[in-house]
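S.K.: Below is one structure. I have some questions about it.
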């Protein structure tokens, strides 16, 4: 995986396979502390403690399509290579939280990548799942919640092309505003 957006897509797809109906994706860029934090929190089925201990082993997977599960081990490795840390917490019937921190200015930190495209793909591909996206860049914040969008559009499907165009525009404008210098 070349970018953090790739990791976010992979981990979020795990959440969806675990039955999550609400997934929070939180990105926190803190220049003062030189930290970038990526957190994904879901309300899926969660994992028992025995599985939590195994999922960081690349040769362990719950998927039947292939015999390796590289998503979480690769994210953990990427965080540690960039001077950061990795934390996984899960509870059966309560969901899972994955948190990776990176040295924001670290030479080995992967770029954020196409986070807007990632969010749009997730929404289009999983129209029955709600996403709460929160992005903080120093003292600026941006949030987008598909539950709020659903309330506004009433009976129009969230995957309607005009709604997707709107969502892409909201993400593009919101992220640009928080990352611009004052």
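S.K.: Take residue 148 and decide whether it is in contact with a strand residue (DSSP E or B) (Cβ under 6 Å, 6 or more places away or on another chain) and at negative phi. If you could, list the steps in order and put the result at the bottom.
M.R.: On the way: in contact with a strand residue (DSSP E or B) (Cβ under 6 Å, 6 or more places away or on another chain): no; at negative phi: yes.
In short, no.
S.K.: How many residues are more than 11 Å from residue 124 (Cα to Cα), surrounded by fewer than 13 Cβ atoms within 10 Å (Cβ to Cβ) and either touching a residue at least 24 places away in the same chain (Cβ under 8 Å) or in contact with a helix residue (DSSP H, G or I) (Cβ under 7 Å, 6 or more places away or on another chain) (or both) when one looks only at segment 148-169?
M.R.: 1
S.K.: Right, here's the next one. Output yes when any residue across segment 124-137 is touching a residue at least 60 places away in the same chain (Cβ under 8 Å), assigned to a loop (DSSP other than H, G, I, E, B), within 20 Å of residue 41 (Cα to Cα) and in contact with a strand residue (DSSP E or B) (Cβ under 9 Å, 6 or more places away or on another chain), and no when none is.
M.R.: Yes, some residue in segment 124-137 is touching a residue at least 60 places away in the same chain (Cβ under 8 Å), assigned to a loop (DSSP other than H, G, I, E, B), within 20 Å of residue 41 (Cα to Cα) and in contact with a strand residue (DSSP E or B) (Cβ under 9 Å, 6 or more places away or on another chain).
S.K.: For segment 91-104, check the following and say yes or no: at least one residue is without any contact (Cβ under 8 Å) to a residue 12 or more places away in the chain and surrounded by fewer than 18 Cβ atoms within 10 Å (Cβ to Cβ).
M.R.: There is no residue in segment 91-104 that is without any contact (Cβ under 8 Å) to a residue 12 or more places away in the chain and surrounded by fewer than 18 Cβ atoms within 10 Å (Cβ to Cβ).
No lab work stands behind these numbers, since they all come straight from the coordinates. Just so it is clear, the model here is predicted, and its values are computed rather than measured. Glycine gets a Cβ as well: all are built from the backbone with ideal geometry, and neighbour counts include every protein chain shown.
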